[in-house]
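Presented below is the structure to which this report refers.
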Amino acid sequence: MIGSSSSPGRLALERFLRDRMAVAGLVVLVLAALAAGIGPLLLGIDPDRAGDLALAPPGAAHWMGTDIHGRDLLARVLIGTRISLAVGAVGALVSLMIGVAWGVVAGAAGGRTDAWLMRVVDGLQALPTVVWVMLGMTLFEAGLAGRFAQRWPDALPVLRLAAMMICLGSVSWLTMARVIRAQTLVLRQRPFLLAATALGVPPVRWFLRHLLPNLSGVILVYLTLSVPSVVLYESFLSFLGLGVRPPQASLGSLIADGASQLNPIRVRWWLLVFPAGLMALLLAALNSVGAGLRAAFEPREGSR
Amino acid sequence: MPAVWLLAAWTLLVGLLTGCGQAERADLVIHNGPEPETIDPQILTGQADGRIASALFEGLTRFNPTNGTAMPGLASHWEISGDGRTYTFFLRPEARWSTGEPIHAEEVVWSWRRVVTPATAADYSSQFFCVRNGRALVNGELRDPSLLGAEAVDARTVRVHLENPTPYFLELAASRVFFPIPRRAVERWGDQWIRADPLPCSGPYQLLGWRVNDRFRLRRNPRYWDAGRVDAERIDVLSGDNPSTALNLFLSGEVDLISDRKIIPGELGPELARRPDFHRFDYLGQDFIRFNTTRKPFQDARVRRAVALAIDRERITTRITRMGERPSAGITPAGTGGYQPPAGLPFDPQAARRLLAEAGYPGGGGFPTVEYAFNVGSRIYEQTGVEIQAMLREHLGIRVELRPLEWKTYLAEMSALNYDFIRGSWIGDYDDPMTFLDCFLSDSGNNRTGWKDARYDRLLREAASEGVPQRRAGILREAETLLIAEAVPVTGLYSHVGLYAADPRRVAGVWPNRMDEHPFFSMRRIRP
Amino acid sequence: MKSWASRLALVPVLLWAVATLCFFLLRALPGGPFDRERPAASREVEAALRARYHWDEPLGRQYLRYLGNLARGDLGPSLKYRNHSVNDLLGQTVPVSLSLGALAFAVAMGLGIPVGVFSALGRNRWADATASLLTLVGVCVPVFVLGPLLVLVFAVGLEWFPVALWGGWTRAVLPTLTLGLYFAARVARWMREGMLEVLQSPHVQAARARGLGEGAVILRHVLPVALVPVVSYTGPMLADLLTGSFVVENVFQIPGTGAFFVNSFFSRDYPLMMGLVLFYCLVLQVLSLITDLLLRWIDPRIGS
């Protein structure tokens, strides 16, 4: 019944908490975020300090070993997690904002506007997105980086990250737009929204007060599911040399560096296993949280 | 369901597509590094490009595979005039193209005239500056190519007139840009004559096939004048970008020789160099740092000298590059053409701090944040940057930001003098210090530091026209001292070390040499 | 029919838009195709080089010239590979990339669909375990780690397959698996969800009640509907397949277009870059039209 005592959100939360995999995933994420956020501070290691003990395997002094400059790998992995999660989250948020706006307008307007907007999505879907990202990042370096470097050198790495988040987000919003549009189309026919339209509620309030809360489930699900793809995309960019720049590191760039350890001559396994393992763990956690959220908001009978 | 059958049929068809193209293994398989941009000897610039061109063509002289010096090629012998300014080459009677026509002296001279014609757009036409009127023709000051200081005395004799006594001219004559090219093919096919079929070749091999991003198929050229010595009947030269893959191919026996260091995994260099099938050698190249002398803070030579004194080059070569490179603050690698460069500035943090204080930044106070720029080609450059950043912070108290740049941006910024200090490197075109030192002439396009010094220019001009080797070396040393110890618009880091892979149980006829030249005519596959 | 016609008509418009956007954006990047480490021998030589490629003409004229050639199917000369035209380069490398892509697609479907079906049916513990492993590997391990890992284990270690190159069945296995596993995991997931969605639906219950064997029920009533999400995600998946193929072609030294894609960007070989982008756009548009046709065929209700 509409307006019953248990709100859909409450119900979803209860269902979510019953799903063990999802809860486990959430715990992992929270722990990782905590570790990444305050870990380096607590441990007192500087991820950028070049030491004398280079390429050392894991041991008492360095729990995850060191890299070629003698930098502690554990600290770099934690920093990398911080940046990867940040890039993933913000990139996903950017894609959310564009996708929701697009999808809602398409779904709510209907008719020709809807058809045209979706045609653009179709068209964009069939473009090699990697080109835009490469272009975007290179143009940023060429155009803005020089100017910022002179005036605010401290801000430059952050701005670069921001540019990357925007680039990545702006190529990942297509699926979100589709899903939001589909959901809007369904919700539009629901009595409470029909009533709101009939009452002549202004569009902005119609969207914010009536539509959005009902979309929140879907949004949350797809947000969680798009973070992994943004993180993976960033690692791909790092592999190409366009991602995070030294001396910063993201999990993706650490993995791209460590991929060269897969050779038959000398495998410094810690340089790959730890960053890759942690990223796999994070991605798995994100996926199970996303799956759990989806099951929670759209329950199926007879499913686990 | 029909869809499943459709899928199966499709898979089968596609599988068949991948099946074709699997021919028998060639006698020798060489991994050449990245796909060449062009194999036209007159316009090529890359090393991988040059290797293919020297399989197909030859010059009046050719490189000695054991030490990279010049030995007779298409010319059987030569005479040099007393003042060192006139060379007379005598072509072999048996010199002919693979299509049968003999190679005449007129064709040699015609080829050279074509190179110095600006319309040919030959990047290496600057190699002809040592020939009389070469520079003027390339610059467009003279328009008539026949004014080039080279003539065909008769059908078998080529005479060259040089501007100055050039001790390395014989090596130059062995370089690609001096190769004679088949006139008939060029007249028929124009600029794309290299795609002619059949392609007339003057070198030990002919081109059977060229598959982009895959391989070149070479076949022995029976009309090569030294064909009797050429051992391998078929050679496959592979092109690829991934060093780990090239290494795997070599270790699994699919590739017999890796000829380019770029395609050997950098991080494994030190381990690999210890193996008997990998060969390390001192190479004709230098890594250094350029300072932008047109703006603060590196406008001040004291600041530049301070930075040069604060860099521990040995730390970089032992921890980062780790291939036994020789740390060097100079520009010319030691032993280039028998020349011993001056020592340059040592690692002396105290002196560095003193100089910095003198320049007005005691303890690094008030020194602006500067950016060290480098190209992202290799992790080594990034790692070197990190070390430099740490060293300058520790010894001078100055703050350095790293600025990784993608290749074209790197070139553009360097040319536009839009940097503070930037990574640089130079590989010599011939075995003589002049190729390194003339980069920093006031009007050289290679300078890219904004530094101009009339005395330096004068010294180099003097050296060029000096005939006596010891005196010439002395003048060059004086010039280099000015460059790297006094004015210091550049400061060296280390001399390059080359690496190639050739299993001595499988391949013979390849020797390490400073020029990194491994001529095809001497390679042999060892049959069990 | 009208919508198909208009969709087809949009393709050349899209291509034109992409060509124009790329043309001008690429030239905004710093550095040009003729910048080399060694500067030109003289200004005359540089001018001659530019003139040869019409680089000295005003931008508008170059653009019109490019469009004119494009209409004739001539993609221009490559600025980096000076002895080849773009048509040449594509002609040699495209068949290889298409073969690799098709094979990987077959793996993705051939592995993903059965695994998804069986794990949804929930009877087989093996299928469940495979599905989980597949998901873990496919979703969390980047392609540039999976490839070298497979090579290290199966080619270098066990020596079952060659380490690289292309040509013949044995060489195709590892690259195809590397590229296909990534997508097989996703296909399995969508298949499983689609199946679970349908298995509980009333009309499937009705078919069971009519006494149809389980096998027949699955094949005739469940699969067609369950395949819908899989097929509809094929579009975006193909675009991702493309970016993944760069890495695979690089790792296995396969003579496809992947190497050109990234290299042409870094060397500012505009004609080659644009030729590639346009070609991929065309391919993806055609493929997405095909998948839409397939969707209609499977379930005529779709398409509103």
Among the trypsin sites (Lys or Arg not before Pro) within segment C:61-126, which fall in a DSSP loop and have no more than 12 other Cβ atoms within 10 Å of their own Cβ?
C:ARG72, C:ARG123
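Expressed in nm², what is the orientationally averaged projection area of the convex hull enclosing the Cα positions of chain C? Show your work: numbers first, answer last.
On the way: hull surface 82.3 nm².
Here the figure is 20.6 nm², rounded to one decimal.
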For segment A:171-304: span of alpha carbons on each principal axis (Å, largest first):
73, 38, 18
Relative to the present Cα-Cα distance, how much length would full extension add between C:THR20 and C:ASP88 at 0.36 nm per residue of separation?
22.2 nm
At 7 Å along the Cα-to-beta-carbon direction for both C:PHE34 and A:MET97, put a label point, then send me their distance in nm to one decimal.
4.3
With a/c under 1.5 counting as rounded, go ahead and sort chain B into rounded, prolate or oblate using the C-alpha gyration tensor (a ≥ b ≥ c being the square roots of the eigenvalues; past the cut-off, prolate if a/b is larger than b/c, else oblate).
oblate
More than 27 angstrom separation, counting every C-alpha pair in segment B:104-255; what % is that?
38
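With the cut-off at 28 Å, report for segment C:95-268 the share of all Cα pairs above it, as a whole percent.
Of all Cα-Cα distances in segment C:95-268, 32 percent exceed 28 Å.
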Computed about the Cα centre, the charge dipole of segment B:372-443 from +1 Lys/Arg and -1 Asp/Glu charges at the Cβ has a magnitude in debye, to the nearest 20, of 440
Starting from 0.36 nm per residue, how many nanometres of slack lie between A:VAL186 and A:LEU43 once their C-alpha separation is accounted for?
46.4 nm
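Shielding by partners for B:35-41, please: the mean number of other protein chain Cβ atoms within 10 Å of each residue's Cβ.
On the way: counts 7, 3, 9, 6, 2, 2, 0.
Average per residue, whole number: 4.
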State, in angstrom, two size descriptors of segment B:370-528 derived from its alpha carbons: Rg to one decimal place and Dmax to the nearest whole number.
19.9, 62
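What full-extension length gain, to one decimal in nm, is calculated for B:GLU151 and B:GLN192 as 0.36 nm per residue of separation minus the Cα-Cα distance? Kindly include the intermediate steps, with their values, before the conclusion.
On the way: separation 41, 0.36 × 41 = 14.76 nm, distance 2.63 nm.
So the extension gain works out to 12.1 nm.
Return a whole-number percent for the relative contact order of segment C:95-268, with Cα pairs under 8 Å and 6 or more residues apart as the contact set.
Once normalised by length, the contact order is 32 percent.
Rank-order B:316-329, B:348-361, A:172-185 by packing density, defined as the average count of other C-beta atoms within 10 Å over each peptide's residues, highest first. Could the numbers behind the result be given before it?
Values: B:316-329: 20.0, B:348-361: 17.6, A:172-185: 21.7.
The peptides rank, most packed first, as A:172-185, B:316-329, B:348-361.
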As an exercise, use a Förster radius of 22 Å and the Cβ-Cβ distance of A:SER216 and A:ALA162 to find the FRET efficiency, rounded to the nearest 0.05.
0.25
Quick check on packing: order C:182-191, A:62-71, C:87-96 by the mean number of other C-beta atoms within 10 Å, highest mean leading.
C:182-191, A:62-71, C:87-96
Sites B:ARG461 and B:GLU79 - FRET efficiency at Förster radius 41 Å, r taken between beta-carbons, to 0.05
0.90
Going highest first, how would you order B:95-103, B:464-472 by mean Cβ packing within 10 Å?
B:95-103, B:464-472
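How many lysine pairs are close in the protein assembly as shown, with Cα atoms under 22 Å apart and the two 8 or more places apart or on different chains? Display every interim value, and only then the final one.
On the way: B:LYS262/B:LYS408; B:LYS262/C:LYS80; B:LYS296/B:LYS452; B:LYS408/C:LYS80.
Summing the qualifying lysine pairs gives 4.
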Let me know the Rg and Dmax you get for the protein assembly as shown when you use only its Cα atoms, in Å.
32.2, 109
Between rounded, prolate and oblate, where does segment C:20-146 land on the alpha carbon gyration tensor, with a ≥ b ≥ c its root eigenvalues, rounded for a/c under 1.5, else prolate if a/b exceeds b/c?
prolate
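Could you give the alpha-carbon Rg of chain A over 2.2 N^0.38 Å, rounded to two decimals? Present the calculation step by step, with values, prior to reporting the outcome.
Working: Rg = 22.4 Å, N = 304, 2.2 N^0.38 = 19.3 Å.
Compactness ratio reported: 1.16.
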Placing unit charges on C-beta atoms (Lys and Arg positive, Asp and Glu negative, everything else neutral), compute the dipole magnitude of the protein assembly as shown about its Cα centre in debye, rounded to 20.
2980
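Can you work out the FRET efficiency for the pair B:ASP144 and B:LEU441, with r the C-beta to C-beta distance and R0 = 22 Å, to the nearest 0.05?
0.20
Within a 10 angstrom radius of the beta carbon, how do A:VAL120, C:VAL163, C:VAL13, B:VAL510 rank from fewest other beta carbons to most?
Values: A:VAL120 15, C:VAL163 27, C:VAL13 10, B:VAL510 23.
Lowest count first: C:VAL13, A:VAL120, B:VAL510, C:VAL163.
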For chain B the mean separation of alpha carbon contacts under 8 Å (6+ apart) over residue count, i.e. relative contact order in percent, is 19
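For peptide C:229-241, what's the mean number of Cβ atoms from other chains within 10 Å of each residue's Cβ?
Numbers: counts 0, 0, 1, 1, 1, 0, 4, 6, 0, 2, 9, 5, 0.
So the per-residue partner count for this stretch is 2.
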Arrange B:TYR283, B:TYR168 by Cβ neighbour counts within 10 Å, fewest through most, would you?
B:TYR168, B:TYR283
Taking the number of other C-beta atoms within 10 Å as the exposure measure, put B:TYR494, C:TYR66 in order starting with the fewest.
C:TYR66, B:TYR494
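Which whole number gives the average, over all residues in A:229-240, of C-beta atoms from other chains lying within 10 Å of the residue C-beta?
Working: counts 2, 0, 2, 7, 3, 0, 4, 7, 0, 2, 8, 10.
Taking the mean over all residues of the peptide, I get 4.
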Bridge orientation stat for chain B from DSSP, antiparallel percent rounded to 5, came to 80
Ellipticity estimate at 222 nm from DSSP helix runs (n ≥ 4, -39,500 (n - 2.57)) divided over chain A, nearest 500
-23500 deg cm²/dmol
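Read-outs throughout are calculated quantities, based only on the coordinates presented, and are distinct from any laboratory measurement. A quick note: this is a predicted structure, and the numbers were derived from the prediction, not measured. Please note: Cβ atoms are built from the backbone with ideal geometry, for glycine as well, and neighbour counts cover all protein chains shown.
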